[in-house]
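The values are calculated or read from the model by the stated rules, or taken from the named source; none is laboratory data. Keep in mind that this is a model prediction, so the values were computed, not measured. Glycine gets a Cβ as well: all are built from the backbone with ideal geometry, and neighbour counts include every protein chain shown. SASA here: full protein model, heavy atoms, side chains in, ligands and nucleic acids out. Shrake-Rupley method; radii C 1.70, N 1.55, O 1.52, S 1.80 Å.
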Amino acid sequence: MKDREKILRYFAASGDESKDMAMRLLDLADAVDRGRPFAVGPFMAPFARQIGQTIAAHMKTVKSTAFGGYHEAERVRIAFQRVDYDGPVDFSESLLSVTWDGRYRLIGHRDVLGSLMGLGIDRSVTGDILMQGAGCQIVVDSAMKDWLMDNFKKVAMVPVKVEEIPLSDIQPPKQTAKEVRATVASLRLDAVGAAGFGISRSKMVAAVEDERTEVNWQPAKSASQTVKAGDIISIRGRGRIEIKEETGRSRKGRTGLLIYRYK
């Protein structure tokens, strides 16, 4: 691929994780370009969607799709397929149901993820973990489902029961959005983020400097970077906001915004 180094340099500016994802996805796209009907990568962070789309845009022979078990999945597997291939693409994803004694309802996402990583597996074989009170659902690489059912026995020292269920039984989290209307002096990240999250501008700047903030699933570059309609801003521990649209300009030149805040 002639633009390979150009693409790598571009995503390297976003950090080592983005560069590593770009390298892995470029290899997959090259395999399809050389004749494979399709190729599917491991589970990756949400930003992989954009990387896959960028790679496909630079190649005439492949297209990119993403899937993580349900429409709004965060962790997804990226597939490249030849533009002249009309057959199915097998993402090889399975769904595991994990349940435990209802008295241990304080078990959270971090506990489940920590127990999985404690088994020595790589994060790339698991997708989203969907918490459901005294249990959860986990999207996994189908090649690992049997091993996980045999070896995943406890979460935070609490015994668990693991079984495979149809992927069609997945229960995505219910998203509730609060509509926020605000006006900002500029479309800087700190100004828009402060308005959307309902925090002071100084706290928004701190969230960026502490590396807790992402824009479109990649680390924020600076508090002064420009954002736009369609962008998603997330702060670890606070959820995320989506800039739905610009609603006009005030007489003082401030920009009106419609923002959705998700819990």
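Rg over Rh for the range 20-146 works out to 1.05, using Cα positions for both radii and the Kirkwood form for Rh.
The modelled label-to-label distance for the pair Glu245/Gln171, using points 7 Å beyond Cα in the direction of Cβ, is 3.5 nm. Rounded to the nearest 500, the 222 nm mean residue ellipticity of the chain from helices alone is -8000 deg cm²/dmol, with -39,500 (n - 2.57) taken per DSSP H run of at least 4 residues. Normalised by 2.2 N^0.38 Å, where N counts its residues, the alpha-carbon radius of gyration of the range 178-262 equals 0.97. Within the range 132-216, the GluC sites (Glu not before Pro) that combine a DSSP coil assignment with at most 15 other C-beta atoms in a 10 angstrom radius are Glu211. Averaging 1/r over each pair of different alpha-carbon atoms in the chain and inverting the result gives 20.4 Å, the Kirkwood hydrodynamic radius.
Among the listed pairs Lys161/Lys263; Lys154/Lys263; Lys145/Lys174, no Cα-Cα separation exceeding 31 Å is found. In a simple Cβ point-charge model (Lys, Arg +1; Asp, Glu -1; nothing else charged), the range 178-262 has a dipole of about 360 debye relative to its Cα centre. Apolar share of the accessible surface for the range 178-262: 44 percent from carbon plus sulfur atoms, 1.4 Å probe. Modelled label positions at Arg181 and Asp122, each set 7 Å beyond Cα in the direction of Cβ, lie 5.0 nm from each other. Based on the reciprocal of the average 1/r between different C-alpha atoms, the Kirkwood radius for the range 1-82 equals 12.4 Å. Placing +1 on the Cβ of every Lys and Arg and -1 on the Cβ of every Asp and Glu, with nothing else charged, gives the chain a dipole about its Cα centre of roughly 1360 debye. In plain terms, the bigger the Kirkwood radius, the slower the diffusion; for the range 93-169, with that radius from Cα pairs, at 37 °C and 0.692 mPa s, Stokes-Einstein puts D at 268 µm²/s.
Net length available on complete extension from Asp27 to Ala206 is 60.7 nm, with 0.36 nm assigned per residue and the Cα-Cα distance removed.
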